[in-house]
Structure formats: C-alpha cells, structure tokens
Amino acid sequence: MATDKNRFIVESAILGLLLFAGLASFGYLVSKSVMDMKRLDRSVEVKGLSEREVTADIAIWPITFNVADNDLTALYETIQDKNSRVVAFLKENGFEEKEITISAPSVVDKLAREYGDNGSGNRFRYTASSTITVYSPKVDGVRNAMIKLVDLGRQGIAIAGEGYNTEYIYSKLNDIKPAMIEEATKSARAAAEKFAKDSDSSLGKIKHANQGQFSIENRDNSTAHIKKVRVVSTVEYYLSD
C-alpha cells in the first residue's frame, strides 16, 4: 500500500511539473505573441505629392452679343445677319463648321413681362441675345481669335464679355495618371524612410494606402489655359526596431 501511495505522489508531482511547464511555455508564447503584435502595430502615415503643369487641349468659347428693336421681324433679321458675320469671322480664323454651334436666341418682350412697365422709359420693346459657341482642340487658335474680336466691333457687333466665360479643359488625365501616382508613392516612401531613420526604426511593408483624388485647377486667373494637376497619396508603413 505504501508503495502505491508513494507512486501516486511521484506521479502527481510529475504531472504537476508538466502542467506547470506547459502553462509557463504557453504564457511565454502568449507574451511573445502579444509583443510581436505590438511590434507589428507600430506604423507611420505619410503623404506623397505629385504636381504637374499641363496645357489644356480643348477650348469652349461662347461668343454672345445683344440686339434690341421695336419690330420683332427686324430683330430676328438683325440676329441672323450678325450670326452670319460671327461665323464668317470664325471660319476666317481657322475654325471649321463642325466646331461652331449657333444657339437659339433668347428674346424678351418687355410689354409681355408680368412686372413690366408697359414700355414707359424703354426705347426698345424687344431685346435679344444670341450665342455662338466654339468647341475646339485649337486652344491657341481660340486665344488668338479673341484678340481679333475688335474686327467684329468695327462691324457693329458688340461682344458681351469678350472671352471671359471661355472654358479650357484638359482631357488627357488618364495619360499621366500612372506616372503621377508612382511619383507620389515614391515621395511618400522617401518621407517614411526619413522618419524611420530619425526614430532608429526600420521601414516595413505597406499597411494601408490611399491613392487620393486628382485635382485640375487653373494655374492662375491670367492663364486659364494652363492647368495644374495635383494628387496626394497617403501611405501607412509598418515600423520595426
């Protein structure tokens, strides 16, 4: 009986030691895993910028003039005559028929307006505006033709705004997107590497990345045909000791 009792005590002691060793090993592994997770959780978020100046490749140029008359028929005849002169001017400056669009005129009858003054104090009953729009890839052609609008003025056609509403578009963004994204990503990595060096760390893999939105803006108010394309990429990198 004593021998069986002693054997039971020894076996219990061995089992206890094994359990203790197992729990200790498990605790070490859990602790190491937590430390590794914390180490992996260290990161740095940086931004990379890429900017380029490009020239617009499409111009939308609305040419508007106003006319007034007391006779509606005469008013429309004046509009048609001036439309023809404007179109002729544009063709003389290198624009094709397919690049020119004539919109329907906007005519106002002052006597028919709900809150009109029945013509008192107004010289003309009818007023109208007509717009001819140039949609063309000839950006330089549009800019040069604007300078010559004085020729229409000599013909009695007063152009409203004289080109201030002209819109310039850059339509080839997809052609430069890949190179700009690459440049922005390299810029972000350079910033992350400097941070890692300054903090005595090593730069790891990318944890998260956001390409960012491309923006196209006028370089300035005086040169709307020159655009500034910009993209900012945000990249988060893992850091390690």
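The values are calculated or read from the model by the stated rules, or taken from the named source; none is laboratory data. All values reported here derive from a predicted model rather than from experimental measurement.
To keep it simple, each residue is scored yes or no on (1) of a type in the set (Val, Ile, Thr); (2) modelled with pLDDT of 95 or more.
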| residue | (1), (2) |
| --- | --- |
| Ser43 | no, no |
| Glu51 | no, yes |
| Ile60 | yes, yes |
| Asn70 | no, yes |
| Thr73 | yes, yes |
| Thr78 | yes, yes |
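Among the conditions (1) under 15 Å from the mean Cα position of the chain (by Cα); (2) within 22 Å of Ala88 (Cα to Cα); (3) not aliphatic (A, V, I, L, M), the only one that Gln213 does not satisfy is (2).
Count of region 165-214 residues, restricted to those that are more than 27 Å from Thr55 (Cα to Cα) and part of a loop (DSSP other than H, G, I, E, B), is 3.
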